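What follows is a set of notes on a single structure, which appears directly below.
The values are calculated or read from the model by the stated rules, or taken from the named source; none is laboratory data. The shown structure was predicted, so the numbers you read here are calculated from the model rather than taken from an experiment. Neighbour counts run over all protein chains shown; Cβ positions are idealised from the backbone, glycine included. For the accessible areas, the whole protein counts, side chains as well, though only heavy atoms, and no ligand, DNA or RNA atoms are used. Shrake-Rupley method; radii C 1.70, N 1.55, O 1.52, S 1.80 Å.
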Amino acid sequence: MRTVRPVRLLTAALLAGAGLLATAAPAALADTPTPSPDASASGESAGPTEAGTAFRTAAAFEQGQRATAEASTGDYLYWVFPADAGQRTTVKATVKLPESAARSGASTWQIDVYDGLRRRQPCMYGMQKRTAAKDVAAVELACTLRPVRSWADTWANDPLPGSYYVRLAVTALPEQDLGQPISTQVEAVSADAGGAYAVDGALAAPLGPAGKAAREEERALASGWSAGWWSDRWIWTAAGGLLGALAGIAGYTLTRGRGRPSHVPPTV
């Protein structure tokens with residue numbers, strides 16, 4: 001009877017811990033402010049209708065918004081948006097090309113994403129560069145960045161909270177096709193990366209350009225778009241510690257034995 005009871009206690013503890021982990025993860029995800037991809041369909045989430053031609057003149061938009069711009073082939077178009085720690089951001093761009101009768105041949109388009117220090121960030125996956133044939137009406141591009149970390153070493157190229165620049169440009173096309181009108185759309189959406197990418201540290205201020213833009217980023221950080229120190233890693237750590245303590249108690253109960261039998265006299 002004494003050996004069955006600890007097994008029951010251990011089983012109940014494991015079931016309780018599993019239930020805690022199952023309910024902890026959704027709660028942590030709900031506490032992390034992640035823009036909704038459907039937000040771009042509402043009128044309140046309308047983005048800018050023009051693009052900058054350099055980093056300094058990049059048009060600002062929020063995640064979930066759809067930025068549009070009318071431009072010409074050969075232009076370098078720039079936008080900027082904020083990204084917070086724990087977010088895995090996907091940038092999408094669509095270029096509507098001129099009529100095929102007006103084009104001489106194929107064209108190659110590419111999007112690049114830079115952080116607040118203007119360091120080019122690699123794409124985890126997505127079609128960052130595509131070649132559109134002469135008869136193609138539009139080309140779609142995508143770039144999914146690595147999860148944003150709250151802190152990193154100075155020598156690292158890890159993405160950090162702050163501004164992220166999007167550059168859209170044509171990299172190859174017939175020279176006679178330069179200057180033709182195009183229509184562009186750019187949007188950024190994020191998914192929560194979870195506590196696996198959380199680190200112990202934080203920046204004093206989000207990365208961004210100096211001056212007015214930097215002050216706007218600091219106000220945005222204070223207004224709550226930053227997730228702060230919380231991540232679901234704290235829940236997993238607490239649940240793991242609880243399960244470890246229960247397992248230790250159960251193991252001690254199973255291995256301590258029944259003690260000295262009543263018919264055996266104590267030894268001196």
Added length on full extension, which subtracts the Cα-Cα distance from 0.36 nm per residue, residue 106 to residue 127:
5.9 nm
Per residue, how much accessible area does segment 71-134 show when a 1.4 Å probe rolls over the protein heavy atoms, in square angstrom?
42
Could you work out how much longer the chain between residue 137 and residue 54 gets when fully extended? Use 0.36 nm per residue separation minus the Cα distance between them, nm to one decimal.
27.2 nm
With a ≥ b ≥ c from the Cα gyration tensor eigenvalues, square-rooted, and the rule rounded for a/c under 1.5, otherwise prolate when a/b > b/c and oblate otherwise, segment 66-107 is prolate
Of segment 152-187, those with amide N under 15 Å from the point 7 Å along the Cα→Cβ vector of residue 118 are 163-167
Taking only protein heavy atoms and a 1.4 Å probe, the highest-to-lowest accessible-area order of 140, 99 is 99, 140
